[in-house]
Amino acid sequence: MGEERFELPQGTLDVLLLKALGLEPLHGWAVGERLEQMTGGQVRLGQGTLYPALHRLERKGWIKAKWGVSENNRKAKFYELTRAGRKQLETETAAWRQLASVMGQVLGVAEE
Amino acid sequence: MLSELWYRLRAVVRRGAMERELEEELRAHAEHAAARGRESREDVERVKEACREERGVWWWETLRQDGRYAWRQMRRRPALAASAVVALALGTGLNLALFRVVWGVMLKPLPYAQPEQLVELWGQWDEKTAAMVGQRTMMPHQKMWEWWEEQAKTLSGVAAYRVWTVTATGPLEPERLDTLLVTPGYFPLLGARPAQGRVFTKEDDRRGAAGTAVVSERFWRRVYGGRPLSGRETLAVDGRMVAVIGVLGRDEEAWKLASEKEVEVYLPLVWNDAERRVTLAFVAGRMRPRVTVQAAQRELAELSRRPEAPRGVRNGVEVRRFGAGNSLVLKQALRALFALAGCVWLIACFSVANLLLAQALARRQELAIRAALGAGRGRLLRQLGLEAGLLAASGTVAGLGLGWVAERLLRVLGPGFAVSWSGDGAATMVTLFACGLAVAATVVVGLLPAWVATSEGAGLNGTRATAGRRAGLWTKALVAGQVGFTAVVLVCAGLLLESFVKLRAVDPGFTRERVVTAALDLPAAMYPKDEDRVKFARGWMERVAALPGVEMAGLTSGVPLGYRFTLGLNLKIPGLEKGAAQVTGRTVAGDYFRTLGLRIKMGRALTAEDAWRKDVAVVNEAYVRRYLKGRPVLGTVLSQEEDTQVIVGVAADFHGTRLQDAAQPEVYLPLGAAPFGHLEVAVRSRLATVAVTEMLRGALREYDPKLALDKTVLLEDLVDEQLEQPRLQAYVVGLFAVVALVLALVGVYGVVAQSVRARTAEIGVRQALGATKGRIVKAVLGQGLVAPLMGLVVGLGGAALGSRYLATLLYGVEPGDGRVYGLCGVALAGASLLSCLLPARAASRVDPARVLREE
């Protein structure tokens, strides 16, 4: 059965991942799960998208990684936000909110 | 940004660990997915690849790959790699050794605090005197620097200093010391603070002040045992007592503006007032921050035009960057040598470029396949560039080793190359320079072959002919370039060699074998009057002549060659319109003329009996030529201010200051006529120098234990000193020429041999069709010699232009000397012919039958 996959515009993946890690450190699989939760199943990332993105965020210094033990007693690499990452999240969120409001006004999105 | 860089660096260093972590992470993901019942259907390898890309180190990965490939290539052709490395090592090594010297003499920053602010201040002669003396600048006198110090706003300080040799006793055995006489502003100018005690104040520099001295830490340790300064330590200098008031700290070089001398004691400038009426000194100034030399020059020039300026200042002033005028001839020589070393380096690079070009052509197929498989031209160029870079780096490293050896050799051949050989940051600079050379070599050596090999028409579809033809042209051009540069180096070597030979053959005008000289100074405090000095000289002469083993001995105010002590005499010649002339004079006593073997052309020499008279003189031929043309010589009266002398003889010319210079008019006076305090004794003896020195020292100690003898110098060595730089130049450039010749000839041989190899089939066919061996040889020669001969012609032309820069280094040879050019041209042409002959003969021995069978 074909799944309705939401097309993510460029550059949005980063902010989504940062938000997913906003509460607590998570390992790779858990991040994907949390993102699915948060988007009500509309965004499901495969390994090929998730891990390169995580590594990119790590390189940019917005998240840092630490090895730990997951819920099913398995060694896993946990990621958490750095201070710079938190700042980046705030900045991006504000920017997105503004964009959303502008777009909403212009395109006349009706409240449902 | 920085943290990103750091991440990338860590990713490079921890590659292995990161790979394992990634593997682990992806496996964990798969397990988590499985635990939730979701199969992960992704290609793990592609995920890994994507992650690696995100880590931003792909450039490093490709570099490593290319590097490994380049290394394999090198190992596959060891002969090629070895010859490339050797050629580059030779070229680089010479450059590095020379750079070491250039750094020490020309580029190294001066050891003083903020040396770029320091300037030299010089006065200028008026037009007439300048014409007579032969130069514009003059040493400033006291009124002048006091005026500058007072008035100049662009300078934060002015100080005067001069070197003065004294005899020190007191706590020491009598010893000759080089001291620096300085004004109170000297130490503040250099920012020198004493480690103990104080430095000079205006009070110390007054006439009649109690004698004071500042000493170096080394002197303090040597003479006073390094104990703390108590203020009661004294030193006897030229018979006067001085108190040691300060000790300078460790860094001696930073206090010493007169860099050539070992100075351990500093005295106030007023010290030398006893000897001269006018105090002349070198003057240094420090410019205020952000002031330029031109601005200082303008201000001082303007100051000199003011009506209240002291007399000497009004003729003008010259402000120079400190140290700019030092060792001018040496700097010129170094520049020329460096340029020639660069030529040799280029020759080496061209050799390697040719090698790589040939190799690149041979690999055309391989490169075409890679191109077809998707490697862009950029990637291929990078690959070839890396291979070239590997060779260049290896060659440069080998060159560093060779350069180290060459430097040791240089030290042995030319100790007077006046460079501080130790430390001073040279190692870093040389390494940096080596890196620069390696990069440049990569470009020169790699660019051309890479370009040609990856160009259009080099692909599988391009014919061998087109690519081969273009490469062939470049090869010929490179060979021509090699031979051309070799011609330049060869010609320069020839000119310098001939120069040296001619200089060595110059007759200095005196006999130099077995003559030992030693100087001493009679301090004014101990020998204040003329009669005292004459009395001393008489006694000293008697004692020296009486020493065992001494065949002949004489005294003089200064032996020939080098800037020795000579008198400037103002002589009036009655009957001549020219008025007074400044003539160089020497005083002599004892058997001076015979000891030095000076020849007499007319009349007689000054003998031992004449020494204490005041009324006779001997002139040299140059004097006669200049001032006594057409007049009777013997019996002419020379007059100075007080006395007159009668000319009793004419001596043969000898070269005065330098071997290269023509003889100047000179006058010999008896010691009795002008007894100055500086006496040099010349002794001819069969005994060893050490023995003679000991005897002289002993005799002086008996005669006056408060005096000390300077270092003894052999007259022979004085002459040799003059030959040192020309000899070194000739040898070094000779070495360059040999290396260049070998490289170029090997290059020519290689190219012709390669071409013969590539055309073996063609040669075989031609032979089968009836061509004789002779014709084959001629054909190969004809083709092979075109490039070298063209290069030779251009090279000789270039040498003619470039050798003009050598003009100041040459003696007895013109930069355009036809003989040297002709010889070099013939030699190089002949050598090229020989290099082509060997492969040509090999070509003629090709067996046509075998070739045809192989076809």
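The values are calculated or read from the model by the stated rules, or taken from the named source; none is laboratory data. What you see is a predicted model, and the numbers here were worked out from it, not measured in a lab. Virtual Cβ from ideal backbone geometry, glycine too; neighbours counted across all protein chains shown. Side chains included, ligands, DNA and RNA excluded: accessible areas come from the protein's heavy atoms. Shrake-Rupley method; radii C 1.70, N 1.55, O 1.52, S 1.80 Å.
The one condition from (1) in a loop (DSSP other than H, G, I, E, B); (2) touching a residue at least 24 places away in the same chain (Cβ under 8 Å) that B:ASP661 does not meet is (2). For segment A:21-67, filtering for residues that are under 23 Å from B:TYR7 (Cα atoms), more than 14 Å from chain B (Cβ to nearest Cβ) and in a helix (DSSP H, G or I) leaves 0. Note on segment B:8-51: among residues that are facing chain A (nearest Cβ under 10 Å) and either more than 25 Å from A:VAL69 (Cα to Cα) or in contact (Cβ under 8 Å) with a residue 40 or more places away in the chain (or both), the one that is most open to solvent (accessible area, probe 1.4 Å) is B:ARG46. Of everything listed in (1) in a loop (DSSP other than H, G, I, E, B); (2) open to solvent by 40 Å² or more (accessible area, probe 1.4 Å), the single unmet condition for B:PRO188 is (1).
Would you pick out the residues in segment B:146-190 that are among the small types (Gly, Ala, Ser) and at pLDDT 85 or above? The answer is B:ALA152, B:SER156, B:GLY157, B:ALA159, B:ALA160, B:ALA168, B:GLY185.
Is there a residue in segment B:200-213 that is open to solvent by 40 Å² or more (accessible area, probe 1.4 Å) and within 36 Å of the chain's Cα centre (by Cα)? No, segment B:200-213 has no match at all. Could you pull out the residue among B:ALA159, B:ALA97, B:ALA89, B:ALA152 that is within 22 Å of B:VAL270 (Cβ to Cβ) and buried (at least 20 other Cβ atoms within 10 Å of the Cβ)? None of the others qualify; the one that does is B:ALA159.
Screening segment A:68-102 for residues that are within 14 Å of chain B (Cβ to nearest Cβ) and over 16 Å from B:ARG27 (Cα atoms) and picking the one that is surrounded by the fewest Cβ atoms within 10 Å (Cβ to Cβ) gives A:ARG83. Exactly one residue among B:LEU490, B:LEU497 is modelled with pLDDT of 90 or more, under 22 Å from B:GLY830 (Cα atoms), assigned to a helix (DSSP H, G or I) and in contact with a Leu (Cβ under 7 Å, 6 or more places away or on another chain), and that residue is B:LEU490.
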